[in-house]
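Below is one structure, written out as structure tokens; the observations come after it.
The values are calculated or read from the model by the stated rules, or taken from the named source; none is laboratory data. Treat the numbers as computed from the prediction; the structure is a model and nothing was measured. All Cβ positions, even for glycine, are placed from backbone atoms using ideal geometry, and neighbour counts span all protein chains on display.
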Amino acid sequence: MEQTATIQNTETQKGEPMLQVRQLVKRFGGLTAVNKVDLDVYPGEVVGLVGDNAAGKSTLIKCISGVYQPEEGEIYFEGRRVHFSRPIEARDAHIETIYQDLALAGNLNVGANIFMGREIKKHYLGGLVRILDEALMLKESQKLLERLKINIPDFTQEIEVLSGGQRQAVAIARAVYWQARLMIMDEPTNNLGVVEQRQVLTLVRELREQGVPVILISHTLPDVFAVTDRIVVLHRGRKVTEKKTSETDSQEIVQYMVGALDDSRES
Amino acid sequence: MSQITAQKASDGAASHLPWYRRLFRVQEFGILLVLIAMILIFSVMTDGRFLTPVNIQNILLNFSWTAIAAFGATMVIITAGIDLSAGSVMALTGLATAMMLSRDHSPFLGPNGEASVPLVIIAIVVGLAIGALCGSINGILITKARLPPFIATLGMMQIARGITYGWAQGWPVQNLPQNFMVLGRHNIPVGTFNLPFPSLLMLLLAVMAWLFLTRTVWGYHIFAVGGNIQAARLSGINTSRVRIMVYTLAGLLAGAGGILLSARLGVAAPTAAQGYELDVIAAVVVGGTSTVGGEGSILGTVIGAAIMGALRTGLNLVGVQAYWLPAAQGAIIIGAITLDQWFRRRQGQRGGLSRLFRRRSA
């Protein structure tokens, strides 16, 4: 079990994309939620994924994180073709996802949430009996939160008594602990106060500085412009444009989001 | 990294409180008070007859099978599920075991045959396997066919009951061997007190279920599924497997209760354990397990089952006709849970209530 909580700088060359998505298609019955989408994410880069409701953002990232299995197309991670049939397989490949509102179990404590799905066990009788090592899990959580300067008065407390910002911090801490080599964040600033939003964005920037690429889904365009290097716009399942953040503005992006502009149609 | 703080979480940690204040935060405390109050009231009303060793023995025996089945139901309800099939599964497993052991029915025995110990063991194992099978079918229906637990187990309740009636042709199966009935009738001397064997088994199973729920990865996953099934699934927990396991255990434990019941009564009637599923659920919810999931404990269930058992025996001793019993039971369910809710509100957030007995704190 990996227990060093350092964020590894990726060995991948700067020029090689960390994640390549090629012609991805996901259908739900007659509805094509994601339609032949390409997406590249390079090391140390924050990519904003924006679009109106039902544009296919969440479906796309759920295909990457193993929740959904795409019908067509390929996903390459760190140069290798990957098929994730379950979320744990993506997590094992160090793709960590922070889902909006549903990342944590409110009835479990901070430590239990950080280790959910990957509990530390003590084995007895040749692995027949697996007993939880709760003390070690809490100790590791405490070290982690201290290192990330996340201030939670009592991490043996259940998640549901924490504030929204604290919960988000726990979710991010969990991804850091498991050595995320790609971080996917679905609306991480939703339902947060202004100060907490800013703190989450600072955390995103610091992930980038440590070479961890981030895919950020957000409705809040100011947030997207504040932290991303590139912006990808989806509209009705298709990628309609991809712009460097420095070379565009929110007005132009909104026009893509509502379908007034569409690069894929012109080409 | 960046500093993510927020206002201090409400109320702070229970661990800062002295032990006697922490005791008041324990989830089971409220219902424990109810049990103690009931014992006191019945003792006074019966001039102490309620607390004689023989009567305590009776009460213990009385709620043993309900409690055993309720351990499984506790786990089911922690996952935010429900199992309505417990009573029918008890009847079916009791019948299956009896069918293999009764002189009148067993294909392995002649008309005057007496079952050997190995046959008794095999019959019990077969009974338990049938219980586990019923439970696993529930689990598969819920996770694979995506039926609501209420519907799947309602169907199983009827199916198991129907099979029991059909198999027994409506008649009770009698003439069970001594070496089977001893399981329900033998007392284990503990000092001067005679502990009925089913009660001993109930206590052993309680300890095992408690350890399972609080100390193993499986137990941990049960709480995670009940707390937030989406989060559990996305974290990589195989939620279907957890739920199937929980219903299978519920079936297995209901089976154990059913076998003990027929050993005690010396007969397996197709009408046995009718309505017990509600007694089982009552014991669990009176014991403080939340029906919305994510919260509950085995100790609470033992106390809940004891409350229901004490009530039955107590009213009987006080001289209340048995006809009135269900009304009293209903009142106790409502009263105990109202009191429990009141305790919880007074103690603040619900998390603090459970520290001593549940898995969340170190």
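Here are the numbers for this structure:
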read-out	value
Helices (runs of 4 or more DSSP H) wholly inside the stretch A:25-114 containing at least 2 residues that are out of contact with any strand residue (DSSP E or B) (no Cβ under 7 Å at 6 or more places or on another chain) and either among the β-branched types (Val, Ile, Thr) or at pLDDT below 90 (or both)	A:87-92, A:110-114
Pair list, Cβ under 6 Å, 6 or more apart: the stretch A:29-56 residue over 14 Å from A:HIS235 (Cβ atoms), other residue among the polar types (S, T, N, Q)	A:ASP40/A:GLN20; A:PRO43/A:THR10; A:PRO43/A:THR12; A:VAL46/A:THR228; A:GLY48/A:THR228
Given (1) more than 22 Å from the chain's Cα centre (by Cα); (2) in a helix (DSSP H, G or I); (3) of a type outside the set (D, E, K, R); (4) at pLDDT 95 or above, number of the condition B:PHE180 does not satisfy	(4)
Hits in the stretch A:196-211 (condition: in a loop (DSSP other than H, G, I, E, B) and in contact with a Ser or Thr (Cβ under 8 Å, 6 or more places away or on another chain))	A:GLY211
Matching entry among B:ARG233, B:ARG146 (being in a helix (DSSP H, G or I), charged (D, E, K, R) and either free of Cβ contacts under 8 Å to residues at least 40 places away in the same chain or within 14 Å of chain A (Cβ to nearest Cβ) (or both))	B:ARG233
Verdict on A:ILE215 being touching a Ser or Thr at 6+ places or on another chain (Cβ under 8 Å), under 30 Å from A:GLU72 (Cβ atoms), at pLDDT 90 or above and not polar (S, T, N, Q)	no
The stretch A:139-195, residues that are facing chain B (nearest Cβ under 10 Å), of a type in the set (D, E, K, R) and either within 26 Å of A:GLU78 (Cβ to Cβ) or not in a helix (DSSP H, G or I) (or both)	A:ARG147, A:LYS149, A:ASP154, A:GLU158, A:ARG174
Within the stretch B:66-85, considering residues that are among the small types (Gly, Ala, Ser) and part of a loop (DSSP other than H, G, I, E, B), the one farthest from B:GLU295 (Cα to Cα)	B:SER85
Among the residues listed as B:ILE259, B:ILE298, the single one being among the β-branched types (Val, Ile, Thr), more than 27 Å from B:ILE36 (Cα to Cα), at pLDDT 90 or above and surrounded by 24 or more Cβ atoms within 10 Å (Cβ to Cβ)	B:ILE259
All positions within the stretch A:123-138 that are of a type outside the set (Gly, Ala, Ser) and either within 16 Å of A:GLN168 (Cβ to Cβ) or not in a loop (DSSP other than H, G, I, E, B) (or both)	A:HIS123, A:TYR124, A:VAL129, A:ARG130, A:ILE131, A:LEU132, A:GLU134, A:LEU136, A:MET137, A:LEU138
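Residues are listed down the side, and each one gets a yes or a no for (1) surrounded by 21 or more Cβ atoms within 10 Å (Cβ to Cβ); (2) more than 14 Å from every other protein chain (Cβ to nearest Cβ); (3) of a type in the set (A, V, I, L, M); (4) within 30 Å of A:ALA112 (Cβ to Cβ):
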| position | (1), (2), (3), (4) |
| --- | --- |
| B:ALA160 | yes, yes, yes, no |
| B:GLN169 | no, yes, no, no |
| B:GLN174 | no, yes, no, no |
| B:HIS186 | no, yes, no, no |
| B:VAL190 | no, yes, yes, no |
| B:MET202 | yes, yes, yes, yes |
| B:ARG215 | no, no, no, yes |
| B:ASN228 | yes, no, no, yes |
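For (1) facing another protein chain (nearest Cβ under 7 Å); (2) within 18 Å of the chain's Cα centre (by Cα), each residue gets a yes or a no:
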| position | (1), (2) |
| --- | --- |
| A:ILE75 | no, yes |
| A:GLY79 | no, no |
| A:PRO87 | yes, yes |
| A:ALA103 | yes, yes |
| A:GLY106 | yes, no |
| A:ASN109 | yes, no |
| A:PHE115 | no, yes |
| A:LEU128 | no, no |
